[in-house]
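These notes concern the structure reproduced below.
The values are calculated or read from the model by the stated rules, or taken from the named source; none is laboratory data. In this text, all values refer to a predicted model and were calculated from it rather than measured experimentally. Every residue, glycine as well, gets a Cβ built from its backbone with ideal geometry; the counts of neighbours run over all protein chains shown. Areas reflect the complete protein model, heavy atoms only, side chains present, ligands, DNA and RNA absent. Shrake-Rupley method; radii C 1.70, N 1.55, O 1.52, S 1.80 Å.
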Amino acid sequence: MIGFAEDATVNGAVNVESWVETIESCRSVAAQLINADATEIAFMKNTTQGILIAANGIDWRAGDNVVTTAVEFPANVYPWWSLKERYGVETRMVPEREGRIYLEDIVAALDERTRVVTISHVEFASGFRNDIKAIGEMCRERDIWFVVDAIQSLGAIEVDVKSSHVDILAADGHKWLLAPEGAAIFYCANDKLERLINTNVGWASVVNPREFLDYDLTQKPDATRFEEGSYNSIGLYGLKAAIELLLEIGISNIENHILELTAGLIKGLDSKGYRVITPQSDSERAGIVVFESDQHTPAELYALLNERNIITAERGSGVRVSPHFYNTESEITDLLEVLP
């Protein structure tokens, strides 16, 4: 990113062709990360933009409904809620039970007018890992769009959009991907591309974007049609470098290490009398562990840890800890020792 900034500062846009090559290389590694084709990847400014493209691009009819959960991050709530006023689309929110979202509760919320199931791969406030393969198979059988917010899973655990039958996926780079804000991945399955209305057609969406006065509204034949204008080039330089680092280490290696760290954390929290909200089985969690205390508020615990340079987050009634591959067992031990 520093190299790009220096180039742009000294040379302006003289080297724009090399910028484009780097961005296309970023597209290829992003596709590799989620087992997609490069033609199915577009770049966004954040997760929300990707979800908005999905929410606004479906051919809605009054009386249709969307099924999501009652514990989603607002980025995966408000775009769907806004459809009610414009199209009469209902959003059905499946409640969490025991820190989990149960597949049978999702199924119970469906009917013949359900057009979309949209869910976070990993829930931000509990750390619960949804079984997107099972949900995707259910959606495929019923011809329901399956939209996944993957910001809390990409870079931490393996994600395979093909085996999970994901139609649309969105994830910004600034969480587990270790990239800057403003550089997000958007995936649209090739077999759904023509069914998704592009409501943000811009100069870069068409087949001849560089022929500025030869107006032609024919859209590009792949997911890049959703890239309406100029790129956040410096951000994509960072995203490319980050994904390459993660792939070099290996997502399976990262996932195994994270699960080992969080298993040790959960065991230690249990032994100190804290209540762990995050489910404890490996298949039901990823990198997030949320815990509560009967004696201390989340703000008190956050401040205590922060004073020791142990960075956590307050989430609802608990504290969220999110170790990544670069964290160590000794750091988990340090955190546990600081907690009263």
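At-a-glance table
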{"quantity": "Rg/Rg_globular for the range 200-340, with Rg_globular taken as 2.2 N^0.38 Å and Rg from C-alpha atoms", "calculated": "1.55"}
{"quantity": "Accessible surface, per residue, of the range 1-72 when the full set of protein chains is kept, probe 1.4 Å, Å²", "calculated": "43"}
{"quantity": "Asp37 accessible area, assembled protein chains, probe 1.4 Å, Å²", "calculated": "70"}
{"quantity": "Within the range 134-174: backbone nitrogen closer than 16 Å to the Arg100 label point (7 Å, Cα to C-beta)", "calculated": "134-135"}
{"quantity": "Set of lysines near Lys220 by C-alpha distance (under 29 Å), chain-local residues within fewer than 8 positions excluded", "calculated": "Lys45, Lys162, Lys192, Lys240"}
{"quantity": "Prolate/oblate/rounded label for the range 47-100 (Cα gyration tensor, a/c 1.5)", "calculated": "oblate"}
{"quantity": "In degrees, nearest ten, helix 2-11 long axis to first principal axis of the chain (Cα)", "calculated": "30"}
{"quantity": "Per-pair calculated FRET efficiency, R0 = 35 Å: Glu211 and Asn253 via Cβ, rounded to 0.05", "calculated": "0.15"}
{"quantity": "For the chain, alpha-carbon Rg and Dmax in angstrom", "calculated": "21.1, 69"}
{"quantity": "Between helix 233-249 and the chain: long-axis angle, C-alpha atoms, 0 to 90°, nearest 10", "calculated": "50"}
{"quantity": "In the range 102-160, the trypsin sites (Lys or Arg not before Pro) that fall in loop regions by DSSP, at most 13 other Cβ within 10 Å", "calculated": "Arg113"}
{"quantity": "Accessible surface, the range 227-311, averaged per residue in Å² (probe 1.4 Å)", "calculated": "48"}
{"quantity": "Highest average packing first - 159-171, 316-328, 218-230, Cβ atoms within 10 Å", "calculated": "159-171, 316-328, 218-230"}
{"quantity": "Expected 222 nm ellipticity per residue - DSSP helices of 4 or more, -39500 (n - 2.57), all of the chain, to 500", "calculated": "-11000 deg cm²/dmol"}
{"quantity": "Potential lengthening between Asp131 and Ser82 on full extension [0.36 nm per residue; Cα-Cα distance subtracted]", "calculated": "15.0 nm"}
{"quantity": "Net lengthening on full extension, Glu194/Ser283 (0.36 nm per residue, minus Cα-Cα)", "calculated": "28.6 nm"}
{"quantity": "Percent of alpha-carbon pairs separated by more than 22 Å within the range 81-176", "calculated": "29"}
{"quantity": "Förster-model FRET efficiency, 30 Å R0, Asp270 and Met1, C-beta, rounded to 0.05", "calculated": "0.15"}
{"quantity": "Label-point separation, Ser28 to Glu314 (7 Å along Cα→Cβ), nm", "calculated": "4.7"}
{"quantity": "0 to 90° range, to nearest 10: angle between helix 329-338 axis and the chain longest Cα axis", "calculated": "60"}
{"quantity": "Proximal charge balance of Pro79 [Cβ under 13 Å; K/R count +1, D/E count -1]", "calculated": "-1"}
{"quantity": "Relative contact order (%) - criterion: Cα under 8 Å, at least six apart; region: the chain", "calculated": "19"}
{"quantity": "Percent carbon-and-sulfur accessible area, the chain, ignoring ligands, DNA and RNA, probe 1.4 Å", "calculated": "51"}
